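Read the structure below first, then the notes.
The values are calculated or read from the model by the stated rules, or taken from the named source; none is laboratory data. This one's a predicted model, so the numbers in the text were calculated from it and none came from an experiment. All Cβ positions, glycine included, derive from the backbone under ideal geometry; neighbour counts span all protein chains shown.
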């Protein structure tokens, strides 16, 4: 599916004249108390173009007896259409994460067409009755053990990789999220590095503060952390993009594995044009994951929706069963985004 298709699909409003937006943003689709103190590092290390018309007129000398023509009304810019519906108002997001050549980082790798089919099959296991939108979560900025040339302990994927993953998301009529593991860099400049992609109507971000470390800290040796204020900077920036480019609301995810990873969460404020989801990344048995969920839901801001992450390997490593979609959707509050790694 090309950009034009995606723009129509996601309510692109960058042109003056637009098709009416339907009742829903997305079409109906198929229908960690216990957190491991450490997580193995190798598991996850491995886009204003508003067009304006200018009407000009020329006047000549009026001759005696000449009939004056009534000038046509000057062109008036159309009122901008109302904001599109919130993408998470009635539907559910279900996604796979991954990166090229890194099976340990999730199943969205390798043959992306096959990975997309696997995601569709996973979506098919969810109870019917609620529209589901597929999500491709690309780990776009990846943390590293070594500092790199700029000393930030991270690398960014190139445009061709983002394009490949965006094409995969569009083939699913879905959404692309750019996952950011910033290392020693700050979240906002890392997000801004992908601005050309974030001005697309179907691209959002997923922030992973577990990998946001302070100077002097090597990523992976202990959990990183962020603040509600830092998250708010990104949300405000995304809202500005949505307004300037007449885009549907941007989806912004932030992952949280433990309470220490996000401080002063109340400083994350609501912003027009942004839908925020807090994803609980608890690892282990269903009981352990539910305990983490209960703990981290205590601090979720009122305007933020909940999300839940499942790990195909870590959650089942000690013989436990992976939580079923029905079990996940029975959590309180009900998750709005379920992502698998």
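Any residue at all in region 126-139 that is modelled with pLDDT of 95 or more, buried (at least 21 other Cβ atoms within 10 Å of the Cβ), within 30 Å of residue 215 (Cα to Cα) and in contact with a helix residue (DSSP H, G or I) (Cβ under 7 Å, 6 or more places away or on another chain)? Yes: region 126-139 contains one or more residues that are modelled with pLDDT of 95 or more, buried (at least 21 other Cβ atoms within 10 Å of the Cβ), within 30 Å of residue 215 (Cα to Cα) and in contact with a helix residue (DSSP H, G or I) (Cβ under 7 Å, 6 or more places away or on another chain). For region 253-275, the set of residues classified as farther than 20 Å from residue 294 by Cβ, part of a strand (DSSP E or B) and touching a helix residue (DSSP H, G or I) at 6+ places or on another chain (Cβ under 8 Å) consists of 274 only.
Considering only region 203-234, state which residues are over 19 Å from residue 139 (Cα atoms) and either touching a helix residue (DSSP H, G or I) at 6+ places or on another chain (Cβ under 9 Å) or buried (at least 19 other Cβ atoms within 10 Å of the Cβ) (or both). Selection gives 227, 228, 229, 230, 232, 233. Listed conditions (1) in a helix (DSSP H, G or I); (2) under 16 Å from the mean Cα position of the chain (by Cα) are all met by residue 291, apart from (2).
Taking residue 114, is it over 18 Å from the mean Cα position of the chain (by Cα) and farther than 25 Å from residue 335 by Cα? Don't jump to the end; show me each part of the working.
Details: over 18 Å from the mean Cα position of the chain (by Cα): yes; farther than 25 Å from residue 335 by Cα: yes.
Yes; evaluated as a whole, the condition is true for this residue.
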